[in-house]
Amino acid sequence: MLKSYEELSKIDVSKYCKERDGIEYLNWAVCIKLLHENGAEKVYFEPIPDPVTGSSLRMSQAEFVDKNGVKNRCYETEIKVVVDENTWIMRSPVLNGTNPVKDNSMNQLRVWNSMCRSFVKCIAIHTGLGFNLWVGEEEGPNIPTQLEVPAKPTEIKVIQNLCAQHGVDGDMWVASNGKSWDTLTGKEAAVMLVALKKRYGDD
């Protein structure tokens, strides 16, 4: 029998996590392994296809236009999670790290990652395993909203230098979010800097 919520929530999953875009992720396979090690007999998840398209990807029909005139839609995935006699449904957005996915960067890997992330989050909510990991992430960095102004050249230079120092393709990072170095805001630059410092420990 699977251990209680209280017991599972006390398991330190951080030692099993890997970092991506400054955020710790618990691999879906490791999550399943930990559940089995703690009493679960049956654990799996599977996509719930969109009833109209039959695809694992669900997308809104409405288009949203950003300040640069780029059109995008909201993308989500929905999965069924089974743990022994329990069945849960979980729907989650398709993201690029902590950012929404633009139309021009959508691919199968992002869809798969969304479902895996959705599975791990569903397990955390319903069983307690890894829940503390999500508490820290949902709080997020405290970035002032007044930074919705163009990033300063000095801020951009610091980010570019850190990217070069650690082998990060800064140009691709910015472009994947539908931006350029010239259109980057102070808030977006701050988020990038927080992610870099969290991952690499730069001062």
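The values are calculated or read from the model by the stated rules, or taken from the named source; none is laboratory data. In this text the structure is predicted, and so the values were computed from the model without any measurement. Using ideal geometry, Cβ is built from the backbone for each residue, glycine included, and neighbour counts are taken over all protein chains shown. Side chains are part of the model used for accessible areas, which takes the heavy atoms of the whole protein and leaves out ligands, DNA and RNA. Shrake-Rupley method; radii C 1.70, N 1.55, O 1.52, S 1.80 Å.
Worth pointing out:
- Ranking by accessible area, most exposed first, for Phe131, Phe64 with a 1.4 Å probe: Phe64, Phe131
- Highest-MSF residue in the chain out of Gly97, Gly178, Gly54 [GNM, Cα springs under 10 Å]: Gly54
- Straight-distance candidates among the lysines for linking to Lys10, with alpha-carbon spacing under 17 Å and chain neighbours fewer than 8 residues away dropped: Lys33, Lys121.
- Of the residues Val65, Leu95, Ser118, the one whose Cα sits farthest towards the positive end of the charge dipole of region 5-139 is Val65 (charges of +1 on Lys and Arg Cβ, -1 on Asp and Glu Cβ, taken about the Cα centre).
- For the chain, the longest principal axis of the C-alpha atoms and the axis of helix 186-200 are separated by about 60°.
- For region 80-124, the residues whose backbone nitrogen is under 15 Å from a point 7 Å from the Cα of Thr183, taken along Cα to Cβ, are 100-105.
- GNM top mover of Met90, Met172, Met192 - the chain, alpha-carbon springs below 10 Å: Met172
- Within the assembled protein chains, the solvent-accessible surface assigned to Cys31 is about 0 Å², based on a 1.4 Å probe.
- Correct choice for percent of Cα pairs over 32 Å apart that was computed from the model, options (1) 7; (2) 17; (3) 26: (3)
- Note on surface exposure: Asp50, Asp103 rank Asp103, Asp50 by accessible area, highest first, 1.4 Å probe.
- Distance in nm between pseudo-label sites at His166 and Ile48 (7 Å out along the Cβ direction from Cα): 3.7
- Semi-axis lengths (Å, descending) of the ellipsoid that matches the C-alpha gyration tensor of region 153-200: 15, 12, 10
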